Amino acid sequence: MFEASELNLRNKRTESLYRTLFLVMTLLLILPVLLILGTLIVKGASAISWEFLFGYPKDGMTAGGIFPALVGTIWLVSVALLVSVPLGVAAAIYLNEYAGENWFTRIINLAIINLAGVPSIVHALFGVGAFVIFFGFGTSILAASLTLAIMTLPVVIVSTRESLRAVPMAFREACWNMGATRWQTIRRVVLPNAVPGILTGVILEVSRTTGETAPIMFTGAAFFLPFLPESVFDQTMALSLHLFVVSTQVPNVPENLPYGVALVLIGMVLLMNSLSIALRMYLRGKKKW
Amino acid sequence: MNTHADQKHAIRTRGLNLWYGDFQALFDVNLGIERGLITSMIGPSGCGKSTFLRSVNRINERLGYVRIEGRIDVLDQNVYDPTVELVQVRKQVGMVFQRPNPLPISIRDNVIFGHRVHNKGKKASAAEEDEIVEQALRQVLLWDKVKDRLKHKGTELSLEEQQKLCIARLLPVKPEVLLMDEPCSALDPKGTEAVEELIWELKGKYTILIVTHNMAQARRASEKCIFMLLGKVVEYGDTDALFLTPKESQTADYIEGRYG
């Protein structure tokens, strides 16, 4: 009575076929990641050394280290963060906590989405026009970081707004009904609970900014500099641009050197990402409601 | 403004009509809620009882599409008057929600939150704050249970304790009116009993208006009772009288469970 009919069996075969198909697709997805990492480690690991990380480039960049580029990237990312985080968080607070649902906020939302979709090379050209020339910052860390900041602003706004949205409405209502103003509510209840999410967004932004090349190559990153930047008005080397330079622009570079640079770059990004995941897990575990 | 002060009523409405967009939720409501008494509002879902409650402290208007005609006097002053400062209204009129909503901060901070908000600039000393916290928690019969864990989060308490905490945090700013929107519907029978006991305990000190689905609760825990139907007040009187000898047939039908 309960044995499988011909139709049941056919359905089952189709079922397992599709299941396998989707599984294979998923596995195909992670294959590139593994291949990239594998190649970098195999070909680049031999380049990594103390001197590589903390030394200056030598012999027309065919030998030596990447220290100025490493330091430069940290400068660029830090200054970009100093600009984009306050701006982005403030905008997100306005949009989520103050603004109503009307044509004005819809236009702002549209603008943010579009800003996120602008190609990085266009941001670069904007940066040249606005910061390098119009504001007269010249090719400098400041100009490059501002360009990066504008480019990553949508990420900060969206992730901050999501974490603000995740704070239950009941908390706000409770505060308002005790006579607290919006700002008192935001400062004492909403923000403290949104911080984990905001931090996660910020770290993801860091990891993205670290790897960007186009926005900085015309605005502040230099081909080669034998010294470290001393202020935001200096030019600087950067890891991402350095990778581009040693792999395409300089003759007679030993094969493992570009791979080594790439490995350091991707190592920084992965480190940031895992930090963000760990932080999120830690803070989520602490949260109770 | 009134020429004669109305000492008897904490809340007084005149010709109150309320619309959500095109839908009229309240029809010409004229009610006087007496000071110091516990008044319950009963009626089937959608009868307007929560709407009424939420228009007293003006929490309704946040929805944006609400339109109101008539007036609601709280402590003899129309809260819809343009000169009224909402923060002051909220100070006098505390609200307890259906779902306990303590803030995700410590028990102590929960209780002192309202006080801090309303006393900015002149910060109370830690000792003063301790005093305020203890008094409020004692009033809601929670002090003995939580005095050793004031630093724990308010959200870690049981639902019943959370609801009591939500009542406690209203008290330090010395409100005149407490609005309670189905304060026990998220609680189990034991918790319900405890919170009802507490409401009874607060009798006389505050004017309490409770909206409830639970007729037995209205009967147990209130002195006056209002029965509403389809946005209109059908009957209003002493709770015992309303349940034992209702004047209106609609009231009788409802409390006997013929509809609702």
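Of all residues in region B:57-72, those that are free of Cβ contacts under 8 Å to residues at least 40 places away in the same chain and either on the phi < 0 side of the Ramachandran plot or more than 11 Å from chain A (Cβ to nearest Cβ) (or both) total 3. Restricting attention to region A:160-176 and to residues that are more than 15 Å from A:Ala91 (Cα to Cα) and surrounded by 23 or more Cβ atoms within 10 Å (Cβ to Cβ), the residue that is farthest from the other protein chains (Cβ to nearest Cβ) turns out to be A:Cys175. Note on region B:76-130: residues that are assigned to a loop (DSSP other than H, G, I, E, B), within 14 Å of chain A (Cβ to nearest Cβ) and in contact with an Asp or Glu (Cβ under 6 Å, 6 or more places away or on another chain) total 2.
Listed conditions (1) under 30 Å from B:Leu75 (Cβ atoms); (2) surrounded by 21 or more Cβ atoms within 10 Å (Cβ to Cβ) are all met by B:Lys247, apart from (2). Restricting the first member to region A:267-289 and to residues that are within 14 Å of chain B (Cβ to nearest Cβ), and the second to residues that are surrounded by 12 or more Cβ atoms within 10 Å (Cβ to Cβ) and modelled with pLDDT of 80 or more, the beta-carbon pairs closer than 7 Å and six or more apart or on different chains are A:Leu283/A:Pro196; A:Arg284/A:Pro196; A:Lys288/B:Lys153; A:Lys288/B:Thr155; A:Lys288/B:Glu156; A:Trp289/A:Pro168; A:Trp289/B:Pro104; A:Trp289/B:Thr155. Across region B:140-157, the qualifying residues are those that are in a loop (DSSP other than H, G, I, E, B) and exposed (fewer than 15 other Cβ atoms within 10 Å of the Cβ), and the one among them that is nearest to the other protein chains (Cβ to nearest Cβ) is B:His152.
Would you please name the residue that is modelled with the lowest pLDDT, looking only at residues in region B:184-233 that are within 17 Å of B:Ile167 (Cβ to Cβ) and part of a strand (DSSP E or B)? Going through the qualifying residues, I end up with B:Lys203. Take A:Gly138 and decide whether it is modelled with pLDDT under 95, outside any helix (DSSP H, G or I) and within 14 Å of another protein chain (Cβ to nearest Cβ). Taking the combined requirement at face value, the residue does not satisfy it. The residues of region B:168-198 that are crowded, with 24+ Cβ neighbours inside 10 Å and aliphatic (A, V, I, L, M), listed by number, are B:Ala168, B:Leu170, B:Leu179, B:Met180, B:Val195. Evaluated against (1) among the β-branched types (Val, Ile, Thr); (2) more than 14 Å from every other protein chain (Cβ to nearest Cβ); (3) in contact (Cβ under 8 Å) with a residue 40 or more places away in the chain, B:Val133 falls short on exactly one condition, (3).
Exactly one residue among A:Ile121, A:Ile150, A:Ile157 is touching a residue at least 60 places away in the same chain (Cβ under 8 Å), β-branched (Val, Ile, Thr), crowded, with 22+ Cβ neighbours inside 10 Å and away from every other protein chain (no Cβ under 13 Å), and that residue is A:Ile157.
The values are calculated or read from the model by the stated rules, or taken from the named source; none is laboratory data. Worth saying up front: this structure is predicted, and the values here are computed from it rather than measured. Methodologically, a virtual Cβ is constructed for each residue, glycine included, from the backbone with ideal geometry; neighbour enumeration extends over all protein chains shown.
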